[in-house]
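A short write-up of the structure that comes next.
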Amino acid sequence: MMIQVCNKSISNSVDIDALASLLNFDQQQAILWLDSYLNLLESNTEYKAFLEFGNIIPNRNGKLLGYKDISNYGTEETPLDDELLDILKGFNSSKEWKDKLVADGISITLPNTIKFEELGAELEAVVKNIQAEDAHESGTIERNKDNFLDLIEWCGSNNELADKYLSYFQTASSRLFFTLTLGNRRISKDVISLLKDEASMELLSEISKANLNPEQMKELIQIANSLGSLDEILKHANDLKEIKDDFTFKLKIGKTVENYFEAALLTAGLNAKVIPRGIGSSDFEIRNTNNNKAYFVELKSYLKNSSLSFRFAASQAKHASKNEENYAIGFLARPSNINDVNSEYIRLSFEYRKNLAEVFEQGLLDYLKFNEIQQSSGKSKLHLVLMEEIRIAVRKETMLLNTDNFSHLIEDIKHHIS
């Protein structure tokens, strides 16, 4: 029977990666296909028995197991938690519960279920066992420090579940935390002062959330102490952040802008193709596929309440300085919520300028001088320390002077590519 043949092929694959290879899918596509197949069997009274034929259900580590050898991942109301499963395995490597739990993406209901109370009870049993061992052999708790701290952190982020399923550990966690962090250690006056200062504790919390490298943070503090302040470092950091924010914003809204350009041009009676470029002197190429004429738009985003200048790559400045009639630079203010960027927002907020040779003239001259300095081969030369790529800066108020709106841009594009 065809179902038996299909089940056998799945079972022979052994794991989800091999099945994906057999189907010529990636892993996620293979899971989706397998879930559809399993639901087809489950929903048909005639075929349901075939769920027990072969190892066709993946566990959370990707291995294919039998229908009765694998369990549901908690209940629909209270699913299990992968982080807790990892902590359990960290305490005892033989307790790899992911091997017997169904993979994400598989939605059939299995005959067996491992509930949250079972996971909580197992974790608390392990904790009690370690505490008992430590009473006879000091150091057992210390050797499991990372796992205990991970569990304490999880409980702090999931109080309701912790109170219900890890009540013993919740009660013991404060004492354990003290033992693992401050107990039996010589605490300096600096550390005591730090613990007393609420602002310092908030800063430590932010550092922890940011997952920053402690060694790099230490080096940054040493450099700031050497310089006498963080002012110069923050100035460069804000410059880099602005470049990154502009790039991230354009990446997120690119498709929205592209679609709106196409819709606006179509409404204007022009069936043009909008091609995202992303690199070079423009972000969008608008091309009339009938006559192959094109128009190019570079898009810059900015914060309304920021005084930071616009930054342009040399290629963008050179292109803009040619005063080509089919090239424009567009500007779009970044809203506080990225989801506010829709067609209406673009229509009302988009601005653009053309013929900018005069604006870029001095910046390009400076760029040429810079290249001369860089290429100098004399016995001595100017030493430059650069923290980012060379950009040509144009003051925000200069760039946004005498801009035109989106409707006029559409008319201009239509005029030049018709």
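The values are calculated or read from the model by the stated rules, or taken from the named source; none is laboratory data. Remember, predicted model here, so these are calculated numbers, not experimental data. Cβ atoms come from the backbone with ideal geometry, glycine included; neighbour counts cover every protein chain shown. Note: accessible area is taken over every heavy atom of the protein model, side chains too, but ligands, DNA and RNA are not part of it. Shrake-Rupley method; radii C 1.70, N 1.55, O 1.52, S 1.80 Å.
Points to keep in mind about this one:
Each row is one residue, and each column tells you yes or no for (1) among the β-branched types (V, I, T); (2) exposed (fewer than 12 other Cβ atoms within 10 Å of the Cβ); (3) over 20 Å from H236 (Cβ atoms); (4) in contact with a Pro (Cβ under 9 Å, 6 or more places away or on another chain).
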{"site": "V359", "(1), (2), (3), (4)": "yes, no, yes, no"}
{"site": "S376", "(1), (2), (3), (4)": "no, yes, yes, no"}
{"site": "E389", "(1), (2), (3), (4)": "no, yes, no, no"}
{"site": "I392", "(1), (2), (3), (4)": "yes, no, no, no"}
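- When segment 262-281 is limited to residues that are closer than 19 Å to E411 by Cβ and free of Cβ contacts under 8 Å to residues at least 60 places away in the same chain, the one that is least open to solvent (accessible area, probe 1.4 Å) turns out to be V274.
- If you go through segment 290-311 and pick out every residue that is open to solvent by 60 Å² or more (accessible area, probe 1.4 Å) and modelled with pLDDT of 85 or more, you end up with 4.
- Among the numbered conditions (1) under 30 Å from L166 (Cβ atoms); (2) touching a helix residue (DSSP H, G or I) at 6+ places or on another chain (Cβ under 7 Å), the only one that D86 does not meet is (2).
- Qualifying residue in segment 64-80 (condition: at pLDDT 95 or above, among the β-branched types (V, I, T), surrounded by 16 or more Cβ atoms within 10 Å (Cβ to Cβ) and farther than 30 Å from T140 by Cβ): yes
- In segment 31-68, residue farthest from the chain's Cα centre (by Cα) [restricted to those that are of a type in the set (F, W, Y) and part of a helix (DSSP H, G or I)]: F50
- Segment 44-59, subset polar (S, T, N, Q) and modelled with pLDDT of 90 or more, residue surrounded by the most Cβ atoms within 10 Å (Cβ to Cβ): N59
- Condition met for L220 (within 25 Å of the chain's Cα centre (by Cα), surrounded by 13 or more Cβ atoms within 10 Å (Cβ to Cβ) and assigned to a strand (DSSP E or B)): no
- Counted residues, segment 223-261 - those being open to solvent by 50 Å² or more (accessible area, probe 1.4 Å), more than 17 Å from I338 (Cα to Cα) and in a helix (DSSP H, G or I): 11
- Scope segment 389-411; condition touching a strand residue (DSSP E or B) at 6+ places or on another chain (Cβ under 7 Å) and not in a loop (DSSP other than H, G, I, E, B); matching residues: I392, A393, V394, K396, M399, D404, N405, L409
- Where helices (runs of 4 or more DSSP H) fall wholly inside segment 111-169, the ranges with 1 or more residues that are open to solvent by 30 Å² or more (accessible area, probe 1.4 Å) and in contact (Cβ under 8 Å) with a residue 60 or more places away in the chain are 145-157, 159-165.
- For segment 6-30, a residue qualifies if it is in a helix (DSSP H, G or I) and open to solvent by 80 Å² or more (accessible area, probe 1.4 Å), and the qualifying residues are K8, N12, D17, S21, L22, Q27, Q28, Q29.
- T248, sole failed condition from (1) free of Cβ contacts under 8 Å to residues at least 40 places away in the same chain; (2) in contact with a strand residue (DSSP E or B) (Cβ under 8 Å, 6 or more places away or on another chain): (2)
- Search result, residues across segment 81-107 that are assigned to a loop (DSSP other than H, G, I, E, B), open to solvent by less than 40 Å² (accessible area, probe 1.4 Å) and under 18 Å from L38 (Cβ atoms): A103, I106
- Of the residues making up segment 337-364, those that are within 16 Å of K322 (Cβ to Cβ) and touching a residue at least 24 places away in the same chain (Cβ under 8 Å) are R353, K354, N355, L356, A357, V359, F360, E361, G363, L364.
- Residue count, segment 319-353 (criterion: more than 23 Å from K244 (Cβ to Cβ) and surrounded by fewer than 16 Cβ atoms within 10 Å (Cβ to Cβ)): 9
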